[in-house]
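Report on the structure given below.
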Amino acid sequence: MGKKAPKMKNITKSKTKTHKQKVKSHKKNKNISKQKYRTKQRSESQDQFKKPEAPLTDYLTHKSNYIAVRFIFECGIKLGLKHITICSAAVYFHKFYKHVDETAYDNYSIASATLYLASKVQDETIRLRDLINVCYHTLHRDAAPLRLAEDYWNFRDSIVHAEMLIMRIVQFDTTFDHPHNYFLHYVQTLRPVFYSKHGKDIIVFKKAYDFLHDFYHSSDILQFKAQHIAIACIELAIKVYGIPSQIIEYEIKPWYQALVEDLDKDTLWNVMAAIMDTYDLE
């Protein structure tokens, strides 16, 4: 009897060990199923509150220059171009139509050519074949892939000829002082003030950048100095979010005159009015 006792002890040990393993695996499976249920519930809630996507623009039904600039931005983003390159294309588009009649040329051919020109000026050269494919399928969204046939060569020739025409019309002047060059400097200067007092700095400056981006849809961007546009976008965002007056003492000295001395109140309001008028063009 004394010899059998250790065997019984070993049997009970193995039973308890297997029981513990079963309990552990059961808990593990239970946790996995809980996690799956939570992720599923989270994804369902995200789908429920997901913002509806904006409908794609049918460019062939619109012939305004405002929509043509939107076409430039959409194609530029699809081609992976830098934002400054796309903005340069929009500037060349406005410069071209400043000197010619709007109905004299197809604005989408001119818009495609300005993208090609801006990519060269900004040293971000793209393949003409890629530009043609992107521009063609942005205009004809449900069309079949463009073959190397008559339609392709006609579109290619129109872009090349339009590029040469744009260069002649703008007198080979491709320089432009973008507000982006000053905007970041002003943001870095003002951010500590807004951050220490409010914590609204990111929202305010993001909204200011949105105003700057949208202003490129208007030809009025050619009429004002780049520094004034950058300041006007920031000031407009400040007014939208209602920054308290104790931070910005306008009566003593406006904050923007510490950054740009030649900017007065009337000029600032004119630029802000031009930015707000951009939203009426749509």
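Key figures for this structure:
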{"item": "Failed criterion for Thr85 (all others in (1) touching an Asp or Glu at 6+ places or on another chain (Cβ under 9 Å); (2) open to solvent by 100 Å² or more (accessible area, probe 1.4 Å); (3) at pLDDT 90 or above hold)", "result": "(2)"}
{"item": "Long-range neighbours under 7 Å by Cβ, at least six apart or interchain, first residue in contact (Cβ under 8 Å) with a residue 24 or more places away in the chain within the stretch 255-268, second part of a loop (DSSP other than H, G, I, E, B) and open to solvent by less than 70 Å² (accessible area, probe 1.4 Å)", "result": "Trp255/Ile248; Tyr256/Leu263"}
{"item": "Residue ID - farthest from Met167 (Cα to Cα), chosen from residues in the stretch 64-91 that are of a type in the set (Gly, Ala, Ser) and out of contact with any helix residue (DSSP H, G or I) (no Cβ under 7 Å at 6 or more places or on another chain)", "result": "Gly80"}
{"item": "Residue within the stretch 197-207 that is at pLDDT 80 or above, surrounded by fewer than 16 Cβ atoms within 10 Å (Cβ to Cβ), under 20 Å from the mean Cα position of the chain (by Cα) and in a loop (DSSP other than H, G, I, E, B) present", "result": "no"}
{"item": "Of residues in the stretch 246-282 being of a type in the set (S, T, N, Q) and either open to solvent by 80 Å² or more (accessible area, probe 1.4 Å) or under 27 Å from the mean Cα position of the chain (by Cα) (or both), the one modelled with the highest pLDDT", "result": "Asn270"}
{"item": "Some residue of the stretch 105-114 being surrounded by fewer than 13 Cβ atoms within 10 Å (Cβ to Cβ), at negative phi and either of a type in the set (Asp, Glu) or part of a loop (DSSP other than H, G, I, E, B) (or both)", "result": "no"}
{"item": "Yes/no for His94 being touching a helix residue (DSSP H, G or I) at 6+ places or on another chain (Cβ under 9 Å), open to solvent by 50 Å² or more (accessible area, probe 1.4 Å) and closer than 17 Å to His178 by Cα", "result": "no"}
{"item": "Of all residues in the stretch 115-134 being among the hydroxyl-bearing types (Ser, Thr, Tyr) and part of a helix (DSSP H, G or I), the one that is surrounded by the fewest Cβ atoms within 10 Å (Cβ to Cβ)", "result": "Tyr116"}
{"item": "Number of the condition not met by Glu102 [criteria: (1) in contact with a helix residue (DSSP H, G or I) (Cβ under 7 Å, 6 or more places away or on another chain); (2) farther than 18 Å from His217 by Cα; (3) of a type in the set (D, E, K, R)]", "result": "(2)"}
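The rows are residues; the columns are (1) of a type in the set (Lys, Arg); (2) under 30 Å from Ile234 (Cβ atoms); (3) in a loop (DSSP other than H, G, I, E, B); (4) open to solvent by 100 Å² or more (accessible area, probe 1.4 Å).
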residue: Tyr136; (1), (2), (3), (4): no, no, no, no
residue: Arg141; (1), (2), (3), (4): yes, no, yes, no
residue: Leu148; (1), (2), (3), (4): no, no, yes, yes
residue: Asn154; (1), (2), (3), (4): no, no, no, no
residue: Val160; (1), (2), (3), (4): no, no, no, no
residue: Glu163; (1), (2), (3), (4): no, no, no, no
residue: Gln171; (1), (2), (3), (4): no, no, yes, yes
residue: Phe176; (1), (2), (3), (4): no, yes, yes, no
residue: Leu184; (1), (2), (3), (4): no, yes, no, yes
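The values are calculated or read from the model by the stated rules, or taken from the named source; none is laboratory data. Since we're looking at a predicted model, the values are computed, not measured. Here the Cβ is made from the backbone with ideal geometry for all residues, glycine too, and neighbour counts use every protein chain on show. Note: areas computed on protein heavy atoms with side chains; ligands, DNA, RNA excluded. Shrake-Rupley method; radii C 1.70, N 1.55, O 1.52, S 1.80 Å.
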